[in-house]
Amino acid sequence: MAKEIKVPDLGVNVETVVILKWMKEVGDEVKMGDVLCEVETDKAATDLESVAKGVLLKKLFDEGAEVEKDTVIAYVGEAGEAVPE
Amino acid sequence: MSDNKYSLEFLLEMYRKMVLIRQFEDRVKFLFLEGIMPGTIHQCQGQEASAVGVCMALNEDDVITSTHRPHGHAIAKGVSIQSMMDELFGKITGCCKGKGGSMHIGDLDKGMIPAVAIVGGNIPLATGAALAFKMRKEKRVAVSFMGDGATNEGAFHEAVNMGAIWNLPVLYVVENNLYGASTPVGMVVRTKNISDRAAIYDIPGVTVDGNDPIAVYEAAQEAVARARRGEGPTLLELMTYRITGHSRRDPALYQPKDEKQRAKENEPIGRFRKYLVGNDLTSADVLDKIDAEIEEEIEKVVVQAQKAADPKPEDALEDMFVESI
């Protein structure tokens, strides 16, 4: 089953992050710990690592989007697998 | 690394323990990023060789004390990874019955006094354990693991001095990963090496490549033998690097990119693999098989830990007082 990639808890008082840059494209192979995108909190820019392995199936936000903590931003799973709309 | 004089069995055990630590840490990191694991964690990816090299030079009844970054030391000393994972999930089956968490991992039956998260706090404890061994005339040794930052604490100097004046059977093992949290060690320590500080207590001070498990093992063996002979402590400085943040939410932006890159090329497991395969001591297939077995083992441990029972509220009142020793 495709796995949700969420914005993790990045620290005290960090409620939202801005997606600065996607480092993977849809269809790219992803290993555990690969950097999916760079995000910025109100303190610093940091890498957001994948907690699943497989293929990047879908990105839900564009670069520049502000996203709340715990929001699903991408799906990683097996190639060709369906993801929720 | 020098010419091999060890059995393949010994070398593979060294490899297996380092990989077990790395995979345990990586799995915990992902559990944390997924929001499944509570709390914070201080991890030791990149520092596996120091824990494994030192602990393999110890006997089962020797004891170690550790820090806020204790997972590697615990695994190297033989604490069960199930009891550790259960503890990280706060379960009743954890090594501290779910009351300690990451920073107080330990198991007295395996010779690990529960870790002390206060920087430098474990150094007097190891010294005290060594004093007890000496008073009881037991041929046991105590080891205090610490980071470079701890060597600026008063507790370090008081404890090392006491260990020195009484010739206690103790090893002071400094894992110098170049940063005390985010502070570069050169900013807060004047001497070239931390081991130079041994001179003022008139004990041996040695600096060793802490990413070479064999070099660490040999240095530890010598220090352990000295301690067991009743000749007192050694200050062992193991040069290493933390290839992860100080704590889970630390992106480690203070580590320069080129330094980080060099450190990744010098990390102990990759290096040891190259050594083992490059010298025809074993094959990559054998090592890959060990990796895969460990991955499976850890997966089982995670599933089991999540199913384990939580402590009951009334359990909070247990273990408050020692009624007899």
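Observations
- If the chain linking B:Thr183 and B:Lys274 were pulled fully straight, counting 0.36 nm for each residue of separation and taking away their Cα-Cα distance, it would gain 29.6 nm.
- Extension gain for the segment B:Ser7 to B:Glu158, taken as residue separation times 0.36 nm less the Cα-Cα distance, is 50.3 nm to one decimal.
- Paramagnetic reach from B:Ile118 (point 7 Å along Cα→Cβ, amide N under 12 Å) across region B:152-189: B:154-156
- Residue by residue, region B:54-61 carries 3J(HN,Hα) couplings of 5, 5, 6, 8, 9, 8, 4, 8 Hz when phi is fed to the Karplus relation 6.51 cos²θ - 1.76 cosθ + 1.60 (θ = phi - 60°); x denotes Gly or Pro.
- Charge dipole (debye, nearest 20) of chain B; +1 at Cβ of Lys and Arg, -1 at Cβ of Asp and Glu: 560 debye
- Eligible aspartates and glutamates near B:Lys307 by straight Cα distance, threshold 14 Å, same-chain separation 8 or greater: B:Asp86, B:Glu87, B:Glu299
- Two-site FRET efficiency, A:Glu85 against B:Glu34, from Cβ-Cβ distance with R₀ of 25 Å, rounded to 0.05: 0.65
- Under the convention that each Lys and Arg Cβ holds +1 and each Asp and Glu Cβ holds -1, the size of the dipole of the protein assembly as shown around its Cα centre is about 1260 debye.
- The phi torsions of region B:243-256, fed into the Karplus equation with coefficients 6.51, -1.76 and 1.60 and a -60° offset, translate into couplings of 8, 9, x, 4, 9, 4, 9, 9, x, 6, 6, 7, 8, x Hz, rounded to whole numbers, with Gly and Pro shown as x.
- Region B:221-277: C-alpha gyration tensor shape, a/c 1.5 cut-off, then a/b vs b/c: oblate
- Prolate is the label for the protein assembly as shown, because the ratio a/c of its alpha-carbon gyration tensor axes (a ≥ b ≥ c) is 1.5 or higher and a/b is greater than b/c.
- When each of A:Lys53/B:Lys17; B:Lys17/B:Lys257; A:Lys3/A:Lys58 is checked by Cα-Cα distance, pairs over 21 Å: A:Lys53/B:Lys17; B:Lys17/B:Lys257
- Part-to-part distance (alpha-carbon centres) for region B:276-325 and region B:156-186, which is given in Å: 29 Å
- Remark on B:Val143: its backbone amide H falls under 5 Å from those of B:Val63, B:Ile64, B:Thr65, B:Leu171, a criterion applied only to residues 5 or more positions apart or on other chains, H modelled at 1.01 Å from N.
- Fully extending the segment from B:Asn59 to B:Ala132 would add 24.6 nm, taking 0.36 nm per residue of separation and subtracting the current Cα-Cα distance.
- Fewest-first ranking of B:Ile105, B:Ile269, B:Ile21, using other Cβ atoms within 10 Å as the exposure measure: B:Ile269, B:Ile105, B:Ile21
- Lys/Arg +1, Asp/Glu -1 at C-beta; region A:3-77 dipole; positive extreme among A:Thr71, A:Val30, A:Thr16: A:Val30
- Here the Karplus relation 6.51 cos²θ - 1.76 cosθ + 1.60, evaluated at θ = phi - 60°, turns the backbone of region A:33-40 into coupling constants of x, 5, 6, 7, 7, 9, 10, 10 Hz, with x for every Gly and Pro.
- Top of B:Leu178, B:Leu31, B:Leu131 by mean-square fluctuation, Gaussian network on chain B, Cα under 10 Å: B:Leu31
- Whether chain B is rounded, prolate or oblate, judged on the alpha carbon gyration tensor where a/c under 1.5 counts as rounded: rounded
- Ordered by the number of other Cβ atoms lying within 10 Å of each residue's own Cβ, fewest first, B:Glu293, B:Glu153 fall into the sequence B:Glu293, B:Glu153.
- When +1 charges are put on Lys and Arg Cβ atoms and -1 charges on Asp and Glu Cβ atoms, the dipole computed for region A:3-77 relative to its Cα centre reaches about 300 debye.
Each reported figure results from applying straightforward, stated rules to the coordinates on display, with no laboratory input. If you're wondering where the values come from, they're calculated on a predicted model, not measured in any experiment. Quick reminder, even Gly has a Cβ in these numbers, built from the backbone with ideal geometry, and neighbours come from all protein chains shown.
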